[in-house]
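Each value in this text was obtained by applying a stated rule to the coordinates, not by laboratory testing. Just so it is clear, the model here is predicted, and its values are computed rather than measured. A quick note on method: Cβ atoms are made from the backbone with ideal geometry, for glycine too, and the neighbour counts reach across all protein chains shown.
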């Protein structure tokens, strides 16, 4: 929608409005009484959907793969003393973190105490979660017989392309 | 070609998009990945219109 802030449109706004109309209508035929224009109508097509997912840590094999890729120690199942409480689960020792993070595979939750970043950089945990998500997706895709291609993007995201029915 | 694209952000959030599927097939095809990755926070259906564009004239009457 285009709106002007009261009064008559200025010549500049009128020009912008005109340009937008011209851009929208591909062809215009005009006579004294009738305007014809061609509209583009698409028929058929495939359907897609976009899903946003908050990563939960539930797959031990993906945890192991992620720690290997990030060159972290192997995870161990343990009762871990964080600063003020004890947690039981898969302990993952992140780089330069005072306490390990503890993954509960039942809930998908990761417990940690990094004292607001003083005892370990959040970036290290984020990197682990990113790598975990990629490995979890790759493992499941390959189980289904799909091929996968991984690419690191300029903003640090990792793009995983899964070709359904392909062979990796 | 049927593909599923996943982009995992530097903080570990995932965006999954299916391409080239017909109808409900796309949701079926990606369900195993959604389950593997975690908790779905949004799900948006989109339409890919990459088949033939048909040009059709439309007539508008001008008022006197």
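Structure values in brief
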quantity	calculated
Value of relative contact order over region A:55-160, rounded to a whole percent, pairs C-alpha under 8 Å and six or more apart	23
Neighbour-count ranking [beta-carbon atoms within 10 angstrom, fewest first] of A:57, A:138	A:138, A:57
Stretch gain in nm, segment residue B:32-residue B:45, where the contour uses 0.36 nm per residue and the Cα spacing is subtracted	2.9 nm
Cβ-based exposure ranking for A:158, B:6, in which fewest neighbours within 10 Å come first	A:158, B:6
Ranked A:99, A:132, A:115, criterion: other C-beta atoms within 10 Å, fewest first	A:115, A:99, A:132
